[in-house]
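Structure first, commentary second.
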Amino acid sequence: MMEEEGNQIIFILFSGAFLAALMATFVVSMVILHRQRQVHNKQKMDQIKAEYEKTILNIENEIQQDTLKHIGRELHDNIGQLLSLSKLYLASSKPEKQAEGRQLINQIITEVRGLSKTLNLDWVESISLEEFISQQLDKIKSTGFCEVVFNREDENWELDKDQKLVLIRVIQECLNNAIKHASPNLIKILMEKQEGERAIRISDDGIGFDTSLSSQGSGMTNLRKRMETIGGNFQITSSPGQGTDIILSLPI
Amino acid sequence: MIEKFLARIEDNYYFHMVAICGFLSLLFFLLLDKKKRRDHYILVPFLLVMLVNFYEVMATFMVVNKPINEIFHRLLTDEPFLGWNAWVYNIFYYQVSKLGLLLLIGINLKKALSKKIVLILGIVFLLYCIYPYFSKTYPIHGIQQPILYFLGNTILIIASGLFFMDLITEEYFIEINPLAYLPFWYITIIMFHSVIVFMADVAIEYLTFENTRVYYMFNLVSRVLYVILLSVFTFLIFTGKNFISRTVHT
């Protein structure tokens, strides 16, 4: 009787130990799985971070290249002309011409200062997105290419540098596309705050295009990816003859 | 009466450990600021420690004070009074505390589906707990309630499993080190306890009368795990947060 009870206890002890070992294995497996998930997540985060940094770097390079082109044009068409003119005035024996020449030199100094400021990207921080859009639309209007309309809210949006940089580049690209391909009579930009997000709507009444065409797809994909980099969305609606409507949205 | 009570608990080290945890928990809880006291991650473990203290004192008191025990017994059943205090454990340990532990696991779940499953388990268990009072199917004063014991442990094992599923799938846990996360430890202990005493609880009637050595062995294991669980709760109330590390997680 005692022996039977002893056997029972040994059996139960072994069963208990087995069960405890099983439970311990389960818990350890859970911890290992959790750790693996953490490592995987870290790799994913690193990859996203690298992609983000690459996108921002590309955008900075593109903006700098555009700036250099602009400076080149300015040096050739504006400052170069002003320098030639001031050289002529200063070489003149007439005192009033020499005074005009000095005035031109002052103007050149101002122009060069303005240009030097655009050489680095500090201007992105100093300018608001609203000011930038306004400047871009004014430029388009001044060329007489088409009419422009800009609707905005009273308050400026608060954006960090990277968000602003990406939005500036995407808006520039959208406007360039409209000018190059759409032949619009009107370009309209609307900035608004909706429920939980901010949206910029860029619309034109140009020739439009079929959004499903692959030739157009890569550029749009690029813009979409860039918006996603800053946690935003890129939405495009267009069809031949119906103009184009682009919505860039960012969560608040 | 008090002498009898003290004599009864004199050699009961489990009772001493529970009382120490209860005293420290109460002290640490009172030292916490009001906001933390209302936080359910602190409040529920504190209430559970208090509940264990309450039913342990009550169970001992019912053994030494038979007349009061008999009054309660008469309220619960018409069967002859044998002087047992099993109804205290049946109500407060096998029913209330199991529901409390289920609630504690439930508040630590992040997935909506997991929470819903725990809620359903809780409702089913609660209904089953209420049912015997009216139907008299299983006498609440006795130890012949294998289905109740089976259900109590099963809901806790399922809920613990759901927590571990959440741990390896939910976004919330991705930055968390589980080894420094107190809910991970107390849910692990709850699961260990439920699994280990599962069979013993279901076969408690047989073990109590036929194999007391095995019964005491399981009782000892259950008590050791419960003391560890209460110690983790006490530590949680002491730190006032779910994490052992100094990093503040919200």
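Here are a few things to note about the model shown:
- If only residues of the stretch B:152-176 that are surrounded by fewer than 19 Cβ atoms within 10 Å (Cβ to Cβ) and within 17 Å of the chain's Cα centre (by Cα) are counted, the one that is nearest to B:ILE187 (Cα to Cα) is B:ILE157.
- Of all positions in the stretch B:123-139, at least one carries a residue that is touching a residue at least 60 places away in the same chain (Cβ under 8 Å) and over 28 Å from B:PHE233 (Cα atoms).
- Close contacts from the stretch B:142-158, counting a first residue that is assigned to a helix (DSSP H, G or I) and a second that is open to solvent by 50 Å² or more (accessible area, probe 1.4 Å) and modelled with pLDDT under 85, with Cβ to Cβ under 6 Å and a gap of 6+ residues or different chains, come to B:PRO146/B:VAL202; B:TYR149/B:VAL202; B:PHE150/B:VAL202.
- Entirely in the stretch B:30-81, the helices (runs of 4 or more DSSP H) that have 3 or more residues that are closer than 21 Å to B:LEU229 by Cβ and among the hydrophobic types (A, V, I, L, M, F, W, C): B:40-64
- Scanning the stretch A:131-139 for residues that are touching a Leu at 6+ places or on another chain (Cβ under 6 Å) and either of a type in the set (Ser, Thr, Tyr) or surrounded by fewer than 18 Cβ atoms within 10 Å (Cβ to Cβ) (or both) turns up nothing.
- Look at the stretch A:19-35: where a residue is facing chain B (nearest Cβ under 7 Å) and a partner is of a type in the set (Phe, Trp, Tyr) and part of a helix (DSSP H, G or I), sitting 6+ places away or on another chain with Cβ atoms under 6 Å, you get A:MET23/B:PHE192; A:MET30/B:PHE164.
- Within the stretch B:200-221, the set of residues being surrounded by 18 or more Cβ atoms within 10 Å (Cβ to Cβ) and either touching a Gly at 6+ places or on another chain (Cβ under 6 Å) or closer than 14 Å to A:ALA20 by Cα (or both) comprises B:PHE218 only.
- Taking (1) within 14 Å of chain A (Cβ to nearest Cβ); (2) closer than 25 Å to A:MET30 by Cβ; (3) among the β-branched types (Val, Ile, Thr); (4) open to solvent by 50 Å² or more (accessible area, probe 1.4 Å) in turn, B:ILE117 satisfies each apart from (1).
- Of all the criteria given as (1) open to solvent by 10 Å² or more (accessible area, probe 1.4 Å); (2) in a helix (DSSP H, G or I), the one not satisfied by B:ASN90 is (1).
- Some residue of the stretch B:195-214 being of a type in the set (Gly, Ala, Ser) and outside any helix (DSSP H, G or I): yes
- Checked against the criterion of being free of Cβ contacts under 8 Å to residues at least 40 places away in the same chain, among the aliphatic types (A, V, I, L, M) and in contact with a helix residue (DSSP H, G or I) (Cβ under 8 Å, 6 or more places away or on another chain), the candidates B:LEU99, B:LEU30 yield just one match: B:LEU99.
- The residues of the stretch A:154-185 that are in contact with a strand residue (DSSP E or B) (Cβ under 7 Å, 6 or more places away or on another chain) and open to solvent by 60 Å² or more (accessible area, probe 1.4 Å) amount to a single one, A:ASN185.
The values are calculated or read from the model by the stated rules, or taken from the named source; none is laboratory data. Keep in mind that this is a model prediction, so the values were computed, not measured. Virtual Cβ from ideal backbone geometry, glycine too; neighbours counted across all protein chains shown. Remember, those area values only see protein heavy atoms, side chains included, never the ligands or the DNA or RNA. Shrake-Rupley method; radii C 1.70, N 1.55, O 1.52, S 1.80 Å.
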